[in-house]
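The values are calculated or read from the model by the stated rules, or taken from the named source; none is laboratory data. Everything quoted here is computed from the prediction, not taken from an experiment. Neighbour counts run over all protein chains shown; Cβ positions are idealised from the backbone, glycine included. Side chains are part of the model used for accessible areas, which takes the heavy atoms of the whole protein and leaves out ligands, DNA and RNA. Shrake-Rupley method; radii C 1.70, N 1.55, O 1.52, S 1.80 Å.
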Amino acid sequence: VSLINGFNIHGLNLKNFKRKNELWKPIVFVLVIVALIPSYKLYLDMLNSVNISFVLLNQEVYFTALAYNVVSLIIFFFGLMYIMSYFYFSKETEILLPLPIKQRNIIISKFTVILAYEYIITLIFLTPVFIINGINTEANIIYYLMSIIMLILAPIAPLSLSAIVMMLIMKFTNIKGKKDLIRIISMFIVLFV
C-alpha cells in the first residue's frame, strides 16, 4: 500500500485520463522525460571520456569507486529530505498508528518506499557507469554479476546513514510548530549542496 501511495500508481487509472482536465498530466510527464534526454546523453559522454582516461592510466577500478562515492553522496542528501518528509512530516503515520499494524511494519514499509526512490536514482546514475566501464575494459560475465550486486547494495548504506542523522536531529530539536519552515530550509540546503 505504501508503494502504491508513494508512486501514485492509483493515479494512473485510465478513467482519470478520459477527463480533459486530467489529460495534460501524462503529456507533461512525457515531455519532461524527452527534455531530459539530451542532458543524459551529455552525462553518458562525460562518463565515457572520464572512463577512457582512467583506462589509459590503468586505473579503471578508481572510476567505479569514484562513481559509487558520488552516487552515495547524492543518495545521502536526497535521503535526508525523503526521510524527514516521509517519516516525520507525513500525516499517514497518524492514520496508521491506531490500526492493528505493528509499528515495526510501518517503519519498514516507509523505509522500503524511500529505498525504492533511491533505487531509481541508483539505476539512472550508476548503471551506465558499470556498462561503460565493462565495455571499455572488455570485462567478463563475473564483472557484470558483481555490478548487479553492487547496484542492489549501493543505496542501503547511505540511506541508513541519512536515517540515523535525521533521527539524531529530530531527537534533539523541537519542531512541532515549525514544520513548514524546517521543510523549506532543508530542501533549499539539500538542493544547494
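Key figures for this structure:
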{"read-out": "Only one of 136, 140 that is over 24 Å from residue 163 (Cα atoms), surrounded by 14 or more Cβ atoms within 10 Å (Cβ to Cβ) and over 23 Å from the mean Cα position of the chain (by Cα)", "value": "136"}
{"read-out": "Matching option when the condition is farther than 23 Å from residue 76 by Cβ and at pLDDT 90 or above, among 124, 132", "value": "132"}
{"read-out": "Matching entry among 29, 78, 54, 89 (being open to solvent by less than 50 Å² (accessible area, probe 1.4 Å), under 28 Å from residue 152 (Cβ atoms) and aromatic (Phe, Trp, Tyr))", "value": "54"}
{"read-out": "Residue 41 vs. criteria of a type in the set (D, E, K, R), closer than 24 Å to residue 188 by Cα and assigned to a helix (DSSP H, G or I)", "value": "no"}
{"read-out": "Residue within the stretch 110-128 that is surrounded by 14 or more Cβ atoms within 10 Å (Cβ to Cβ), in contact (Cβ under 8 Å) with a residue 60 or more places away in the chain, over 14 Å from the mean Cα position of the chain (by Cα) and not in a helix (DSSP H, G or I) present", "value": "no"}
{"read-out": "Check on residue 102, of a type in the set (Lys, Arg) and surrounded by fewer than 15 Cβ atoms within 10 Å (Cβ to Cβ)", "value": "yes"}
{"read-out": "Among (1) open to solvent by less than 50 Å² (accessible area, probe 1.4 Å); (2) assigned to a helix (DSSP H, G or I); (3) farther than 30 Å from residue 50 by Cα - the single one residue 95 does not satisfy", "value": "(1)"}
{"read-out": "Among (1) at pLDDT below 90; (2) loosely packed, with under 12 Cβ neighbours inside 10 Å - the single one residue 37 does not satisfy", "value": "(1)"}
{"read-out": "Single unsatisfied condition, residue 168 versus (1) open to solvent by 50 Å² or more (accessible area, probe 1.4 Å); (2) assigned to a helix (DSSP H, G or I); (3) modelled with pLDDT of 85 or more", "value": "(3)"}
{"read-out": "Sole residue being hydrophobic (A, V, I, L, M, F, W, C) and closer than 23 Å to residue 49 by Cβ, chosen from 152, 124", "value": "124"}
{"read-out": "Positions within the stretch 125-139 being within 16 Å of residue 61 (Cβ to Cβ) and of a type in the set (S, T, N, Q), in sequence order", "value": "133, 136, 137"}
